[in-house]
Amino acid sequence: MNTDMIHSNAPSEITPLLRVENLCKSFDLPTGETLKACDSISLTVDKGKSLGIVGESGSGKTTLMKMMMQLIPASSGSIYFKGHAIECRKATQQLDYHHHIQMVFQDSTTAFDPRMKIADILCEPLYNQGLLKGRKAVAVAADYLAMVELPPGIARRYPHELSGGQRQRIAIARALVANPDIIIFDEATSALDVSVQDAVARLLVKLQKEHGYTYIFVAHDIAFVRCICHKVAVMHKGKLVDYLDADELVQSDNPYTRRLIQSVYEI
Ligand SMILES: Nc1ncnc2c1ncn2[C@@H]1O[C@H](COP(=O)(O)OP(=O)(O)O)[C@@H](O)[C@H]1O
Ligand SMILES: [Mg+2]
C-alpha cells in the first residue's frame, strides 16, 4: 500500500477510553512449562484515535486483544474502561461490555451464516437487542451499506455472492451497527489484495474523521500500521518493546523496531 500517512490530524484534546496496566497472561502448556503470552503490558487507547499493535506472529497481539475484550481472563493486571476498572463477573455485565468493543477478524466472514441475506446479517445485532423488527431491516441495512460504500442491492444477496473485499466491508458495517466505542481489527485486511486493503484503510480513516470512531489495528505489517495509526505499540515475545507516535516510528532506536522498519522501508 501507499506508505504515506493517511490518518486524520490529531485533535488537541486527548481522552483515554481504555487503559491496560501491567496486563499479563500465562498459559500452562501440556509439557508442564508456562508460556508468558503477554508480560506486563501497559498502554492507552485514546478516543477518536487509532492505536496500532504490531509484532511478528506469536508475539501476543491476539491474546492482548482477547483480554481487552474480556474474552479470556488476564492472569494479572488491570483494565480500565472510561476510567473504571472492569470487573465483568456477571454475564449481563459482560454482554454490556461486549457491545462497547467490537472485533473484526481476518476471517470474520466465516462467522456469517451462509443461508442469511446480507440485510439480516447486518441487522442481527439490532434484532438481538430488540431494537429492530424485520420490515425495517432493508432500510437500516442500506444506511450501513452506504457507510461502507457498497450499493444497496447487496442487502438482498448472500455472503458467497460477494468478493473478499466486499465481505470484509460487511464485517466492518456489522461492527458499526452495534455502535461500539472501540473497533478492534485483528489482521482484518491482511488477506486482501494490496489495492483492496488500501481502499478499506482509506474508508476506515474517512469514517473515523466523520464519526470519531476509535480503532485498534493489530497487524504484522508495520508499514500498514504506520500509515493508518496515530500511535504504535510494538510487541516482541509477549513484551511491549516500543510505544510511540506513528510519526516517530522511523526514528525509534529500539533494535527490534528498527529491524521491522528496515525490512519494509530499506533504510
Ligand atoms: N489458548 C492458548 N493456549 C496456549 N498457548 C496459547 C494460547 N493462545 C495463544 N497461545 C500462545 O501465546 C503466544 C501468543 O499468541 P498470540 O496472542 O496468538 O500471538 P499473535 O496474535 O501475535 O500471533 C503464542 O506462542 C501462542 O502459541
Ligand atoms: Mg494474532
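The values are calculated or read from the model by the stated rules, or taken from the named source; none is laboratory data. Since we're looking at a predicted model, the values are computed, not measured. Glycine also receives a Cβ, built like all others from the backbone with ideal geometry; neighbour counts cover every protein chain displayed. Side chains are part of the model used for accessible areas, which takes the heavy atoms of the whole protein and leaves out ligands, DNA and RNA. Shrake-Rupley method; radii C 1.70, N 1.55, O 1.52, S 1.80 Å.
Observations on the structure shown:
- Every condition in (1) within 23 Å of residue 111 (Cα to Cα); (2) surrounded by fewer than 21 Cβ atoms within 10 Å (Cβ to Cβ) holds for residue 217 except the one numbered (2).
- Selection of region 139-156 for residues being among the hydrophobic types (A, V, I, L, M, F, W, C) and surrounded by fewer than 19 Cβ atoms within 10 Å (Cβ to Cβ) yields 139, 140, 142, 146, 147.
- Within region 61-82, if we keep just the residues that are within 16 Å of ligand 2 (Cβ to nearest atom), touching a residue at least 24 places away in the same chain (Cβ under 8 Å) and open to solvent by 10 Å² or more (accessible area, probe 1.4 Å), the residue that is farthest from residue 107 (Cα to Cα) turns out to be 72.
- Residue that is farthest from ligand 1 (Cβ to nearest atom), among those in region 28-69 that are in contact with a helix residue (DSSP H, G or I) (Cβ under 9 Å, 6 or more places away or on another chain) and not in a strand (DSSP E or B): 48
- Residue in region 117-130 that is free of Cβ contacts under 8 Å to residues at least 12 places away in the same chain and more than 24 Å from residue 98 (Cα to Cα) present: no
- Check on residue 224, within 16 Å of ligand 1 (Cβ to nearest atom), over 13 Å from the mean Cα position of the chain (by Cα) and open to solvent by less than 30 Å² (accessible area, probe 1.4 Å): yes
- Pairs with Cβ under 6 Å, 6+ apart, first in region 197-218 and within 16 Å of ligand 2 (Cβ to nearest atom), second not hydrophobic (A, V, I, L, M, F, W, C): 217/52; 218/61; 218/186
- Test result for residue 191, surrounded by fewer than 21 Cβ atoms within 10 Å (Cβ to Cβ), of a type outside the set (Val, Ile, Thr) and not in a helix (DSSP H, G or I): yes
- With respect to the conditions (1) surrounded by 17 or more Cβ atoms within 10 Å (Cβ to Cβ); (2) modelled with pLDDT under 95, residue 250 falls short on a single one, namely (1).
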